[in-house]
Amino acid sequence: MGSLLSATMSKVPKETLYECVNAVLTASAEKKRKFNETVDLQIGLKNYDPQKDKRFSGTVKLKHVPRQKYKVCLLGDQQHCDQAKALGMDCMSADDLKS
């Protein structure tokens, strides 16, 4: 079913994302567990060229910080990698991903 959804949906509206997260939070509050529950979101960037394709038009900010010690690696072109390095962030280009 997952491959069917990814083939038919190219964009997920922000409202739908919030509805799903709220449903998970509600279910989590109903039955307490003895561990931290997390939700993973996987995004595939197959055949994506950031110079040609402008598919990403917005961002969604989480209301709660998922982890205190959170590491981020930026995927971008040389200009974005240079900006990330200036800010002290980890980064990788498309060529780095191939090797």
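Data for the structure
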| quantity | calculated |
| --- | --- |
| For Leu74, distant residues with modelled amide H under 5 Å away | Asp90, Cys91, Met92 |
| Added length on full extension, which subtracts the Cα-Cα distance from 0.36 nm per residue, Thr59 to Asp40 | 5.2 nm |
| Net charge of neighbours whose Cβ lies under 13 Å from the Cβ of His80, counting Lys and Arg as +1 and Asp and Glu as -1 | -3 |
| Total formal charge among the other residues, if their Cβ is under 13 angstrom from that of Ser93, Lys/Arg +1 and Asp/Glu -1 | -4 |
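No value in this document is a laboratory result; all are computed from the given coordinates. None of these values were measured; they are calculated from a predicted model. Glycine gets a Cβ as well: all are built from the backbone with ideal geometry, and neighbour counts include every protein chain shown.
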